[in-house]
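Reviewing the structure listed below.
The values are calculated or read from the model by the stated rules, or taken from the named source; none is laboratory data. All of these numbers come straight from a predicted model, not from anything done at the bench. Backbone-built Cβ (ideal geometry, glycine too); neighbour counts: all protein chains shown.
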Amino acid sequence: MKPTLIFFFTSILLSLHLAAKRPNVVFILTDDQRATELSCMGHPYLKTPHIDRLATEGVLFKNHFCTTSLCSPSRASILGGLYAHTHGVVNNFTDYPRELPTFPRQLQSEGYATAYIGKWHMGEDDDSMRPGFEHFTTHRGQGKYFDTEFRTNNGPREVKKGYYTTVVTDMAIDWLGKQQEDKPFLLMLGHKAPHSFYYPEEKYTKSFDHVRIPYPTSAFQLEDKPTWIKQRLNTWHGIYGPLFDWRKSFPDTSARGMLDFENMIRAYWGTLLSVDDSVGRIYAQLESMGELDNTLFIFTSDNGLLNGEHGMVDKRTAHEPSLRIPLVVRYPKLISTTHPKVIQEQTLTLDFASSILDICGAQPLAHTHGKSWKQLITEGDPEWRTSWYYEYNYEHQFPYTPNVRALRTDRYKYIRYPHGDGSPDKHMAELYDLQQDPEERHNLIHHDEHKQLIQQLRTELNTKITQTLRDNTEDNMPLDQGIKGKLPDKAIR
């Protein structure tokens with residue numbers, strides 16, 4: 001056979017092989033990253049060119065949300081597509097139930113090589129292997145920005161010298177380099193950044209020293225807000241409190257106290273510059289392997305964060321900075337790299353399991369509360385959700401936020417604070433017109449003209465909660481014991 005014919009048939013066979021191979025998945029998960037903290041989402045100071053590149057070659061989701069703004073519950077919802085009250089992880093100390101299905105377990109059962117590297121953050125002190133992963137590297141607790149003790153595949157614990165973001169990226173690239181060409185893979189990479197306490201890499205410690213960062217104006221517009229928000233101001237989760245150790249003397253309501261706030265935010269941003277570097281390195285590794293365009297590349301976070309809005313820091317509440325998170329996806333076999341898209345519809349952490357399995361051609365999980373966005377990003381989905389609900393349960397370890405149940409529609413948000421014993425709510429509810437008031441400055445709950453709307457939203461909230469309880473689960477919540485001023489135990493901060 002002539003060499004040209006051999007080359008021709010070889011090329012055809014290679015093309016058929018690549019077409020038949022199922023997509024790889026790289027899922028990068030940050031911790032406590034606000035949706036606005038990307039330059040492709042309009043941040044005025046924080047530049048993230050590598051993450052932006054994913055958006056300009058794929059899909060940018062403008063309205064992506066978590067259904068519980070707390071690390072462990074949200075991570076559990078990502079894995080299995082279930083609300084927290086169903087999977088049972090309602091705090092940061094409970095691990096994902098090993099009997100429940102997840103999208104990594106499903107992909108592994110269908111022949112995928114699977115790895116988790118980095119911050120797992122479910123089960124607190126448990127760094128043992130989890131179902132669904134043949135390679136598992138994590139650590140106990142929160143980990144540290146420098147010199148974290150890691151454990152791989154139930155082996156001995158070993159301190160890995162260096163900056164956390166760089167260390168886990170090195171390990172991820174090492175694992176990727178060992179993958180077989182004929183076997184699809186799933187890599188989940190869990191970053192510590194930008195979770196408190198914030199310590200940027202040395203080269204980024206002064207990146208934002210030129211930026212003045214005042215308290216948000218909404219911090220001083222609390223007249224129409226529930227009393228518990230004002231009570232929170234001097235606590236661990238308030239702007240006059242310790243600011244995750246950036247303020248040593250507190251409470252501090254002075255103008256000078258704002259300098260501590262500025263330093264905290266600058267450090268928060270600084271940690272994300274290293275995350276962007278990491279994304280660039282993973283991108284380059286996939287490209288060098290010839291796998292970039294056959295990889296569903298997902299960048300997201302577990303929950304958002306309040307950076308001073310309404311006088312609050314941390315998350316947990318149903319306000320926009322707390323529950324809105326970034327989502328960028330690149331996969332050229334669905335979205336051309338030369339014709340990127342922006343999705344305005346509301347997507348949720350609940351949707352990851354369904355979406356990933358759908359795109360990979362895998363069997364769906366038997367039961368989830370989410371929905372695949374494959375059709376949404378390729379041709380549009382006229383039946384996509386226009387509303388959803390949010391839940392959070394009071395924690396006695398962090399007694400700074402009440403029980404929360406909220407409904408978010410495309411236009412409105414209704415938030416109520418159940419007491420936990422079936423008695424009438426003790427806290428004022430909140431209503432916001434997000435179209436007219438995206439920063440949630442004006443609580444409309446007592447405006448007479450909205451009485452009918454409030455009743456409609458409350459009814460819809462109750463209906464949606466009831467719909468998720470049809471799987472023999474209950475929406476149990478603890479008793480709201482009020483806002484406390486004590487600091488949380490050092491071991492769990």
Q | Number of the exception - Tyr83 against (1) in contact with a helix residue (DSSP H, G or I) (Cβ under 7 Å, 6 or more places away or on another chain); (2) surrounded by fewer than 22 Cβ atoms within 10 Å (Cβ to Cβ); (3) closer than 24 Å to Asp314 by Cα | A | (2)
Q: Could you identify the single residue in Ser354, Ser372 that is over 15 Å from Phe65 (Cβ atoms), within 22 Å of the chain's Cα centre (by Cα), in a loop (DSSP other than H, G, I, E, B) and among the small types (Gly, Ala, Ser)?
A: Ser372
Q: State which residue pairs qualify: first residue free of Cβ contacts under 8 Å to residues at least 40 places away in the same chain and at negative phi and inside region 89-107, second residue of a type in the set (S, T, N, Q) and not in a loop (DSSP other than H, G, I, E, B) in any location, beta carbons under 7 Å apart, and separation of 6 or more residues or different chains.
A: Val89/Ser72; Thr94/Ser72
Q: Check Thr68 against each of (1) hydroxyl-bearing (Ser, Thr, Tyr); (2) over 21 Å from Ser301 (Cβ atoms); (3) surrounded by 17 or more Cβ atoms within 10 Å (Cβ to Cβ) and name the one condition it does not meet.
A: (2)
Q. Is it fair to say Gly111 is outside any helix (DSSP H, G or I) and surrounded by fewer than 19 Cβ atoms within 10 Å (Cβ to Cβ)?
A. yes
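Picking from Leu259, Leu272, Leu286, which residue would you name as being in contact with a strand residue (DSSP E or B) (Cβ under 7 Å, 6 or more places away or on another chain) and modelled with pLDDT of 95 or more?
Numbers: Leu259 fails: in contact with a strand residue (DSSP E or B) (Cβ under 7 Å, 6 or more places away or on another chain); Leu272 fails: in contact with a strand residue (DSSP E or B) (Cβ under 7 Å, 6 or more places away or on another chain).
None of the other options fit; the residue is Leu286.
Does region 412-468 hold any residues that are in a helix (DSSP H, G or I), over 23 Å from Trp228 (Cβ atoms) and without any contact (Cβ under 8 Å) to a residue 24 or more places away in the chain, and which are they? Walk me through how you get there before you give the answer.
Restricting attention to region 412-468, the residues satisfying the condition of being in a helix (DSSP H, G or I) are 448-468.
Next, from what is left, pick out any that are over 23 Å from Trp228 (Cβ atoms): 448-449, 451-453, 455-456, 459-460, 463-464, 466-468.
The answer is Asp448, Glu449, Lys451, Gln452, Gln455, Gln456, Thr459, Thr463, Thr466, Gln467.
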Q: Could you pull out the residue among Leu376, Leu348, Leu365 that is buried (at least 23 other Cβ atoms within 10 Å of the Cβ) and either touching a helix residue (DSSP H, G or I) at 6+ places or on another chain (Cβ under 6 Å) or not charged (D, E, K, R) (or both)?
A: Leu348
Q. For region 116-170, how many residues meet the condition of being in contact (Cβ under 8 Å) with a residue 40 or more places away in the chain, aliphatic (A, V, I, L, M) and part of a loop (DSSP other than H, G, I, E, B)?
A. 1
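Considering each of Thr235, Thr300 in turn, give the residue that is surrounded by fewer than 24 Cβ atoms within 10 Å (Cβ to Cβ) and not charged (D, E, K, R).
On the way: Thr235 fails: surrounded by fewer than 24 Cβ atoms within 10 Å (Cβ to Cβ).
Of the residues listed, the single one that is surrounded by fewer than 24 Cβ atoms within 10 Å (Cβ to Cβ) and not charged (D, E, K, R) is Thr300.
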